[in-house]
Amino acid sequence: MLDNWLYIGLFIIVALFIPAVAVFLPRLIAPRKPNAIKQETYECGIETVGDAWVQFKVQYYIFALVFLVFDIELVFLFPWAVAFDKLPLFAVMEGVLFITILLVGLLYVWRKGALEWA
Amino acid sequence: MGDPINLISQWFTNLLLGWGLAENLVIVISLAIGAAIVATLGMITVIALIWVERKIAGRLQDRLGPNRAGPYGLLQPFADMIKIFTKEITTPDGADKVAFNIAPVLAMASVLLIWAVIPFAATVVGTNINVGVLYIVAVGSFGVIAVLMAGWSSNNKFALLGAFRAVAQMVSYEVPMVIALLVPVLLARSMGMNDIVAAQTPWFIILAPLAALIFLITSMAEVGRAPFDLIEAESEIVAGFHTEYSGMGFGMFYVSEFLHVWTIGALIATFFLGGWSGPGAENLPILGILYFYIKTFIGYFVITWIRLSLPRVRIDQLLAFNWKFLTPLALVVLIVTAIVDKSLEMVGVERWAYALIMLAANLLIGWATVLILKAIEPARARQRVEFEPRPVAVAPKPTDN
C-alpha cells in the first residue's frame, strides 16, 4: 500500500520534471533578443489602456461559490457509493435523501436567480 | 510468457538486488523508472496524436491534412517540435514572472498525473490505489489552477477574460462530471480503477448510458475544446489565457490539451467501455493493452468528431446547460441508479436481468427528460423562410441607342 503512494510521489516529480525540461530547453537553444516593442502586452496592436487587472462580472464569483457547495457535498457521497453492498435499505434511503436535499438546494439557487447570466 | 512487462520489471529488480543494493532503494529505483516510462509513453502518444488529429481534421473538412513531411506527413509532428523548440520564449512587461513560467508546466503535469492510475492491462498499471477516482478528480483540478495562473499573470485583459471564463466553465462542469463518475463507482462498489474494470460484466455503458453521456459532455468542457472552447475563443479574446505565451510556453498548453483529450478517451474506456477487458486479455496483457488503446481511440475520435462538427456556444448558454440541465439530470440518474440497484439486490435477480432493468431505467429517464424539455419549451414550428427565386445572372436590358 505504501508502495502505491511512493509511486504517486515519484510520478509527481517526473510529471513536473518532463514539462519543466521542455520549457527550459528553448532557453538554451532558442534565440533571446528581447526589445521594448516585443515585450509589450499584446492587444491586437492597439496601445494598452489602463491596468489589466480590472473589475470583473460578479456572476463568475457566484458560480464559483455555488460550485464550492456542491463539490464539498459530493465528496461525502463517495464513501456511500463504495460501501453500497454493506448498506441496509435505511442507509441507502438516507443517501438518496441527501442527494434530494442537494437537488432542492440547486432549485433554491435557481429560484434566487444566481444561475442567470444577464 | 504472456506477461513480458512484469517479467522485465522482475528481472530488473533482481538484477539490482544482485548488485547488492538495499531493498528499499531498489523499490524506489524501479518505481521511479516505471513512472518515467509511463510519463514518456504519454509524451510519445502526444507526438502521434498531433499527426492523427490533423489527419482526421483534414479528412472531415474535405482536405488532405499534412502530407508533405515524410510518408503520409508522418514526420510533421517532429518538424513542428523542432520549430517550437527553437522559438524564443518572451515574457511580457508587467507579467508576474514566476506564475507566468510555472503555469505551462503545471498544465502539462495535471494531465500527466492522471496517467499514474490508468490501468493499461490486467497487470500493467502504474499503481492501483483504492481511491483512484478521487485521485483523478483531485489531480484534474490542477488544470484549472494552471489556466487561472496563466491568465492572471499575463497582465493582459484578453488573457484575464479567458481565465475568468475558465473558472466559470471548468469549475461548473466539474459538478456533473463528479456525479457521473459516482455512478460507475456505485456500480463497481470501489474507487480503484482496476476494480472498476474488473466489475464490468456487462460494460457500464450498457448499465449507465446516461452517466457515460454526461461524462463525455462534461469532460469535453473540462478540456476546453469546441464547442466549449470559450476560454480560448480566438474570434472574441485573441487566444484567451495563453495570448501572451510563445514558443514552448504555448507548446506546453497545446500538448497538454492534446494529451487531455486522449486521457479523457482513456477514462471513458476505463469507466464505461470495459477498459482492457476483452477475449483473452486476462492472460495476455499485451492483448489487454491493444484492446485498451482501441477503446481509447473510439472515445478520442468521438470527441474530435464533435469538436470539428459543432460551433462554439455562448457563455450564458454554456452555464445554463450545465446548471439547469446536466446537474439535475446527473443527480436524478444517481438517485435512480442507487434505488434500482439496491431493490434489485434485495429481490435478487440474475446478472442479465439486472443489466436489462438498469438499461430500461436509464432509457426511461432519458425519455422523461425529453418529455419535460418539450413541455417547458413547446417545439417551435420549423420556420420555412421563403426566398424570392433570384436569377444567378440577369441579362442586361437592351438599351436603344
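The table for this structure:
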quantity: 12 Å Cα-Cα reach of residue A:33 towards aspartates and glutamates, excluding residues that sit fewer than 8 places from it in its own chain; calculated: B:88
quantity: Per-residue average of Cβ from other chains inside 10 Å of B:106-119; calculated: 4
quantity: Extreme residue, positive dipole direction of chain B, given options B:6, B:61, B:156 (C-beta unit charges); calculated: B:61
quantity: Entries in B:157/B:324; A:38/B:83; A:112/B:324; A:112/B:374; B:83/B:295; B:342/B:374 that, when Cα-Cα distance is taken, lie over 22 Å; calculated: B:157/B:324; A:112/B:374; B:83/B:295; B:342/B:374
quantity: Nearest-20 debye value, the range B:167-305 charge dipole, Cβ charges on Lys, Arg, Asp, Glu; calculated: 540 debye
quantity: Cβ-defined net charge surrounding residue B:97, 14 Å radius [Lys, Arg +1; Asp, Glu -1]; calculated: -2
quantity: Given 16 as the ceiling on other Cβ atoms within 10 Å, longest exposed-site-free region of chain B for GluC sites (Glu not before Pro) in DSSP loops; calculated: B:89-233
quantity: Residue B:308-residue B:54 pseudo-label distance in nm [points 7 Å out on the Cα-to-Cβ vector]; calculated: 1.4 nm
quantity: Amide N of the range B:81-113 lying under 20 Å from the label point, which is placed 7 angstrom from the Cα of residue A:37 along Cα→Cβ; calculated: B:88-94
quantity: Distance between the range B:269-333 and the range A:89-113 - C-alpha centres, whole angstrom; calculated: 27 Å
quantity: Computed FRET value (nearest 0.05) for residue A:17 with residue A:103, which takes r as the C-beta separation and R₀ as 25 Å; calculated: 0.05
quantity: Size of the A/B contact, given as accessible area buried on both chains, probe 1.4 Å, in Å²; calculated: 7000 Å²
quantity: Per-residue mean of C-beta atoms belonging to partner chains within 10 Å, peptide A:21-32; calculated: 6
quantity: Karplus-derived HN-Hα couplings along the range B:17-24 (A = 6.51, B = -1.76, C = 1.60, θ = phi - 60°), whole Hz, x at Gly and Pro; calculated: 4, x, 6, x, 7, 5, 5, 4
quantity: Of all accessible heavy-atom area on the protein assembly as shown, the percent that carbon and sulfur account for (1.4 Å); calculated: 69 percent
quantity: Test item: Cα-centred dipole of the protein assembly as shown, Lys/Arg +1 and Asp/Glu -1 on Cβ, debye; calculated: 980 debye
quantity: Residue B:17 versus residue B:93: modelled label distance in nm, points set 7 Å from Cα along the beta carbon direction; calculated: 6.4 nm
quantity: Derived scalar couplings ³J(HN,Hα) [the range B:44-50; Karplus, 6.51 cos²θ - 1.76 cosθ + 1.60; whole Hz; x for Gly, Pro]; calculated: 5, 4, 4, 4, 5, 5, 4
quantity: DSSP loop trypsin sites (Lys or Arg not before Pro) with at most 13 other Cβ within 10 Å: longest gap in chain B; calculated: B:69-313
quantity: Mean accessible surface per residue for the range B:89-376, computed with a 1.4 Å probe while every protein chain stays in place, in Å²; calculated: 33 Å²
quantity: Spacing of the two label points (7 Å from each Cα toward its C-beta) at residue A:72 and residue B:236, in nm; calculated: 3.0 nm
quantity: Difference of contour (0.36 nm per residue) and Cα-Cα distance, residue B:283 to residue B:7; calculated: 98.0 nm
quantity: Helix-only mean residue ellipticity at 222 nm for chain B, each DSSP H run of n ≥ 4 adding -39500 (n - 2.57), per residue, nearest 500; calculated: -21500 deg cm²/dmol
quantity: Dipole magnitude of the range B:276-401 about its Cα centre (Cβ charges: Lys, Arg +1; Asp, Glu -1), debye to nearest 20; calculated: 400 debye
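The values are calculated or read from the model by the stated rules, or taken from the named source; none is laboratory data. Fair warning: this is a prediction, and the values are worked out from it, not measured in the lab. Note that each Cβ is placed from the backbone with ideal geometry, even for glycine, and that neighbours are counted across all protein chains shown. In case anyone asks, the SASA skips ligands and DNA or RNA and just uses the protein heavy atoms, side chains included. Shrake-Rupley method; radii C 1.70, N 1.55, O 1.52, S 1.80 Å.
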